[in-house]
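Novice: Have a look at this one before I ask anything.
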Amino acid sequence: MNMTDTERSRAFDDTINNLGRITSIISLALMLSVPLVITLFYKIELNMTEILAAAGGLIAMFAPMAVVENISYYPIIGAGGVYLSCITGNIMNMKLPSALSGMKLAGVEPGSSEGDIVSILSIAASSFVTVSILMLSMFIIGKYITPYLSKPILQPAFANIMPALLGALVTPFVIKSVKVSVTPFALSIALCLALGGGFVQRYQSYFLPLIMLASVGAAYYMYRGRMLELKPDMGKSK
């Protein structure tokens, strides 16, 4: 039976979501099994009051961030990319830049069906490369290159890897949509100047949705005021 593009897209999304839920549950169970097995094997007594006290601060900090980040990543890397990158970790530093780079090289738009597929392949390749490098570093390369990487002269470079990566990847999108980019950049800079970069970074999960809403509102206002034109490829749906 022949399927329309909409039906194919819906079937693809359903398959990805089913696989994502199953693999997420399996991964979560495996992650929790390690401390559980250690606790049972060594017969460690658990104090729920101390556990909740220690977990409370972490949950308050990371729970909103997890929700906001997944919502903000989804339009860029798609459902499959979100599932895979959340399971493998290090989204901001590695998975998101890999997905954006892959889509740019393939010439596809973020949010499109093709973009979602390229995103999954890019994140999967990044995960394999990361695991391979970690294995090589632990057993072969680590003891030879660690002394050189630990030298003080290289520390400024490692401290600025993420800004360098994100700057190089975000710049083409900013150039492509300068007017749309003004609002989030202006608000972010204003918040950092007013409250301090450390404070904004610590509570970024609370500021991010506000900046997103303000950016969408500003883009809509510019569009309604004919200051912003909707490009033909921006109106394409999956």
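We did not get these values from a lab; they are worked out from the coordinates using the rules stated. Small disclaimer: the values here were computed from a predicted structure and weren't measured. Every residue, glycine as well, gets a Cβ built from its backbone with ideal geometry; the counts of neighbours run over all protein chains shown.
Novice: In whole Å and largest first, what semi-axes does the C-alpha gyration tensor of segment 1-118 yield when each eigenvalue is scaled by 5 and square-rooted?
Specialist: For segment 1-118, the ellipsoid semi-axes come out as 36, 18, 13 Å.
Novice: Tell me, in nm to one decimal, what length is gained between Ala29 and Glu114 on full extension, where the rule is 0.36 nm per residue of separation less the Cα-Cα distance?
Specialist: On the way: separation 85, 0.36 × 85 = 30.60 nm, distance 3.16 nm.
Result for the pair: 27.4 nm of gain on full extension.
Novice: Normalised by the number of residues in the chain, what is the relative contact order in percent for Cα pairs under 8 Å and 6+ residues apart? Walk me through the numbers on the way to the answer.
Specialist: Details: 134 pairs, mean separation 47.5, N = 238.
Averaging sequence separation for qualifying contacts and normalising by length gives 20 percent for the chain.
Novice: Of Thr146, Thr130, Thr183, which is the most mobile in a GNM of the chain whose springs link Cα atoms less than 10 angstrom apart?
Specialist: The residue that fluctuates most here is Thr146.
Novice: Return the FRET efficiency for the residue pair Val178, Ala63: r is the Cβ-Cβ distance, R0 is 45 Å, and the value is rounded to the nearest 0.05.
Specialist: Working: r = 35 Å, r/R0 = 0.77.
Computed FRET efficiency for Val178 and Ala63 comes out at 0.85.
Novice: Restricting to lysine pairs 8 or more places apart or on different chains, what number in the chain have Cα atoms under 15 Å apart? Walk me through the numbers on the way to the answer.
Specialist: Values: Lys95/Lys104; Lys104/Lys176; Lys143/Lys151; Lys176/Lys231; Lys179/Lys231.
Count of close lysine pairs: 5.
Novice: Moving to a separate point now. Seen from all sides and averaged, what is the projected area of the convex hull of the Cα atoms in the chain, in nm²? All intermediate terms of the calculation are to be shown ahead of the outcome.
Specialist: Values: hull surface 77.1 nm².
Hull-based average projected area comes out at 19.3 nm².
Novice: Nearest 20 debye, what's the magnitude of the dipole of segment 1-89 about its Cα centre given +1 on Lys and Arg Cβ and -1 on Asp and Glu Cβ? Could you put the intermediate results ahead of the total?
Specialist: Values: 4 positive and 7 negative charges, 28 e Å.
Charge dipole, segment 1-89, about its Cα centre: 140 debye, nearest 20.
Novice: Work out, step by step, the length gained on full extension between Leu149 and Thr15: first 0.36 nm times the residue separation, then minus their alpha carbon distance; give nm to one decimal. List each step's numbers first, then the result.
Specialist: Details: separation 134, 0.36 × 134 = 48.24 nm, distance 4.30 nm.
Roughly 43.9 nm would be gained on extension.
Novice: Can you give the Rg/Rh ratio of segment 113-238, where Rg is from the C-alpha atoms and Rh is the Kirkwood radius?
Specialist: Values: Rg = 20.2 Å, Rh = 18.7 Å.
Over the Cα atoms of segment 113-238, Rg/Rh equals 1.08.
Novice: Could you order peptides 159-171, 117-129, 208-220 by the average number of other Cβ atoms within 10 Å of their residues, highest first? Walk me through the numbers on the way to the answer.
Specialist: Values: 159-171: 12.2, 117-129: 19.9, 208-220: 14.8.
Those peptides, ordered most packed to least, come out 117-129, 208-220, 159-171.
Novice: Which helices of the chain meet both criteria: a Cα extent of 30 Å or more along the helical axis and a mean Kyte-Doolittle score no lower than 0.0, with helices taken as whole DSSP H segments?
Specialist: Numbers: long enough: 5-41 (53 Å, 0.60); 48-88 (39 Å, 1.27); 113-136 (35 Å, 1.56).
Span-like helices, by this rule, are 5-41, 48-88, 113-136.
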